[in-house]
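Just so it is clear, none of the values below were taken in a lab; they were calculated from the coordinates. Quantities reported herein were computed from a predicted structural model and do not represent experimental measurements. Counting neighbours? That spans all protein chains shown, and the Cβs are built from the backbone with ideal geometry, glycine included.
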Amino acid sequence: MPPAPPLQSRTGYLYAIGAYGLWGILPLYFLLLVPAGAFEVVAFRILMSLLFCALLLTIIRAWGRVGALLRDRRTMLLMALAAGAIYINWQVYVFAALGGHVIEASLGYFINPIVTVLLGVLVLREKVRPAQWAALSIAFVAILVIVVGYGAFPWIALALAFSFGAYGLIKRVVGPTVDAVGGLTLETAWLAPLALGQLVLVSTIGGGLDFGQNGLAHSALMVGAGVVTTVPLLLFAAGARRIPLVALGMTQFLAPLAQLLIGWLVLHEAMPLERWIGFALVWVALIVLMADMVAASRSSRRVADESI
């Protein structure tokens, strides 16, 4: 019997599963915010996340780190770009959750690892291994199948995949200099004026705000949007520090799988044969991609061991 993984590794898996599990059931939380619309929900998500991050920074006495980042012009510019990417992701995702497109949203997060590889090639000029080319090709065929067979262009899925892929790319460029709480604080600070503007528009020409009009529980859930945004991010950051990148990549599919099941079995969204075929092709592409990641990780480890 193989030895049990160390406690730190087991804890890391729990953190990662907790993060992706919470992200997976997020559509159900947003549905509790009805009748509030997507623009109002995202505005509250931004402002309450900023407030919650500020509270956390005060508790852990980490405002000094944020102050140092504020004086770094390059970091602030990158955080502004990250804020734009995550805003698009949040707005499209909430629109999908409230508009009956949870299954298509799950497709976006299934293909996100493939988009990440594509962005690495296009932006960072990374070398692509044959298996990665195969995964990209299969994913492209999957999108064609969905477009032709299902009769609709999956713009929600692609918008989510590319916006989150761009967000991850920017975070990769920033590196470990920006921690999870500090990064989200800066991103939501950049977006706060936009969020306030959305609330003004909704209150004036959008029929009025729903916050405070549907009982105390609904108002509490709107305020809680900051917590449900920040807590999974912190769990993810804690897990990423404790388990290998390949293992983290495997657990990330918990979120889109949960979203797919919620959309199909709970919300009864349409899942015709053409969409199943498209999803199946995406899963084949992911299997190829994950197998290549595992092989590359083992090869790197073997080279490192031989060099000792």
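Kindly write out, for the range 159-173 in residue order, the coupling ³J(HN,Hα) from the Karplus curve 6.51 cos²θ - 1.76 cosθ + 1.60 (θ = phi - 60°), rounded to whole Hz, with x marking Gly and Pro.
After applying 6.51 cos²θ - 1.76 cosθ + 1.60, I find 4, 5, 5, 6, 5, 6, x, 5, 4, x, 5, 5, 4, 5, 5 Hz.
Report, in deg cm²/dmol and to the nearest 500, the calculated mean residue ellipticity at 222 nm for the chain, where each DSSP H run with n ≥ 4 adds -39500 (n - 2.57) and the sum is divided by the residue count.
Using -39500 (n - 2.57) per qualifying helix, the result is -26000 deg cm²/dmol.
Going by the alpha-carbon gyration tensor, a ≥ b ≥ c the square roots of its eigenvalues, is the range 11-71 rounded (a/c under 1.5) or, if a/c is not under 1.5, prolate (a/b greater than b/c) versus oblate?
Verdict is oblate for the range 11-71.
Please work out the C-alpha center-to-center distance from the range 49-118 to the range 210-279 and express it in whole Å.
So the separation of the two Cα centres works out to 14 Å.
So which trypsin sites (Lys or Arg not before Pro) in the range 125-207 are both in a DSSP loop and have at most 12 other Cβ atoms within 10 Å of their Cβ? Don't jump to the answer; show the numbers that get you there.
Numbers: sites: 125, 127, 171, 172; in loops: 125, 127.
Answer in residue order: 125, 127.
Would you work out if the range 141-244 is rounded, prolate or oblate? Take a ≥ b ≥ c from the square roots of the eigenvalues of the alpha-carbon gyration tensor; rounded if a/c is under 1.5, else prolate when a/b is larger than b/c, oblate otherwise. Write down the numbers at each step before the final one.
Values: a/c = 1.91, a/b = 1.11, b/c = 1.72.
Oblate is the answer for the range 141-244, as a/c is 1.5 or above yet b/c matches or exceeds a/b.
Considering only DSSP states other than H, G, I, E and B, which trypsin sites (Lys or Arg not before Pro) in the range 2-94 qualify as loop sites with at most 12 other Cβ atoms within 10 Å?
Within the range 2-94, the qualifying trypsin sites (Lys or Arg not before Pro) (loop, at most 12 other Cβ atoms within 10 Å) are 61, 71.
So what are the ³J(HN,Hα) numbers for the range 185-202, from phi and the Karplus equation (6.51, -1.76, 1.60; θ = phi - 60°), rounded to whole Hz, Gly and Pro as x?
Per-residue couplings from phi come out as 4, 5, 5, 6, 5, 4, 8, 4, x, 5, 5, 5, x, 5, 5, 5, 4, 5 Hz.
Tell me, what are the semi-axes, in whole angstrom and largest first, of the equivalent ellipsoid of the range 8-307 as set by the roots of 5 times the Cα gyration tensor eigenvalues?
31, 26, 17
Only Cα pairs under 8 Å and at least 6 apart count here; give the relative contact order of the range 8-307 as a rounded whole percent.
RCO, the range 8-307: 42 percent.
I need the trypsin sites (Lys or Arg not before Pro) found in the range 193-301, filtered to DSSP loop residues with at most 16 other beta carbons within 10 Å of theirs.
For trypsin sites (Lys or Arg not before Pro) across the range 193-301 that sit outside H, G, I, E and B with at most 16 neighbouring Cβ atoms in 10 Å, the list reads 241.
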